[in-house]
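Data first, discussion second: the structure below is written as structure tokens.
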Amino acid sequence: MSGSTPARDGSKRPDGSDYTTVLSEDQWQEKLTPDEYHVLRQAGTEPAFQGEFTDEKRSGSYSCRACSAELFTSDTKFDSRCGWPSFYEPLAKDSVVYLEDTSMGRTRTEVRCAACGGHLGHVFEGEGFETPTDLRYCINSISVNFDTP
């Protein structure tokens with residue numbers, strides 16, 4: 001959706017159902033830092049190769065920085081050399097939702113947290129990575145927290 005952002009789309013998932021974690025935009029701005037708000041609520045992107053989890057190699061799980069919903073595990077993280085953390089699948093199929101994004105002059109698939117609608121990044125298919133799914137979930141470090149076991 002060109003021009004679509006979590007802040008504009010509100011409390012509804014792409015399928016019309018409600019997100020389970022809903023705050024007003026004023027509450028999101030109070031909860032998140034300005035950079036986190038820009039990425040998670042305004043569908044921004046952090047600069048490549050500057051995110052704190054791009055080179056993270058430890059075992060653990062990644063959760064939404066806005067609402068703490070578990071999203072990915074280190075077991076599916078791989079080095080794609082793209083400048084952002086990459087995963088080949090989410091923790092569970094229902095932990096993320098997908099939206100068509102035409103904002104960059106081409107069609108991409110945006111990935112959002114299924115619990116709060118926070119923008120996480122994009123997923124790309126068919127790039128030839130030797131992963132079980134041939135998918136690359138390109139995720140902003142600032143959209144997630146990392147927890148070790």
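Please find, among T45, T107, the residue that is of a type in the set (S, T, Y) and in contact (Cβ under 8 Å) with a residue 12 or more places away in the chain.
T45
For region 93-147, which residues satisfy the criterion of being acidic (D, E) and closer than 21 Å to R13 by Cβ?
D94, E100, D101, E110
So Y98 ticks every box in (1) crowded, with 18+ Cβ neighbours inside 10 Å; (2) under 20 Å from S17 (Cα atoms); (3) at pLDDT 95 or above but one. Which box is left unticked?
All conditions are met except number (1).
Looking at (1) closer than 24 Å to P132 by Cβ; (2) touching a residue at least 60 places away in the same chain (Cβ under 8 Å); (3) surrounded by fewer than 17 Cβ atoms within 10 Å (Cβ to Cβ), which is the only condition D35 fails?
Evaluating D35 over (1) closer than 24 Å to P132 by Cβ; (2) touching a residue at least 60 places away in the same chain (Cβ under 8 Å); (3) surrounded by fewer than 17 Cβ atoms within 10 Å (Cβ to Cβ) leaves (1) as the failure.
Can you give me the number of residues within region 61-89 that are surrounded by fewer than 17 Cβ atoms within 10 Å (Cβ to Cβ), of a type outside the set (D, E, K, R) and in a loop (DSSP other than H, G, I, E, B)?
3
State the number of residues belonging to region 95-149 that are of a type outside the set (D, E, K, R), within 14 Å of C82 (Cα to Cα) and assigned to a loop (DSSP other than H, G, I, E, B).
3
The values are calculated or read from the model by the stated rules, or taken from the named source; none is laboratory data. In this text, all values refer to a predicted model and were calculated from it rather than measured experimentally. Reconstructed Cβ throughout: ideal geometry from the backbone, glycine too, with neighbour counts over all protein chains shown.
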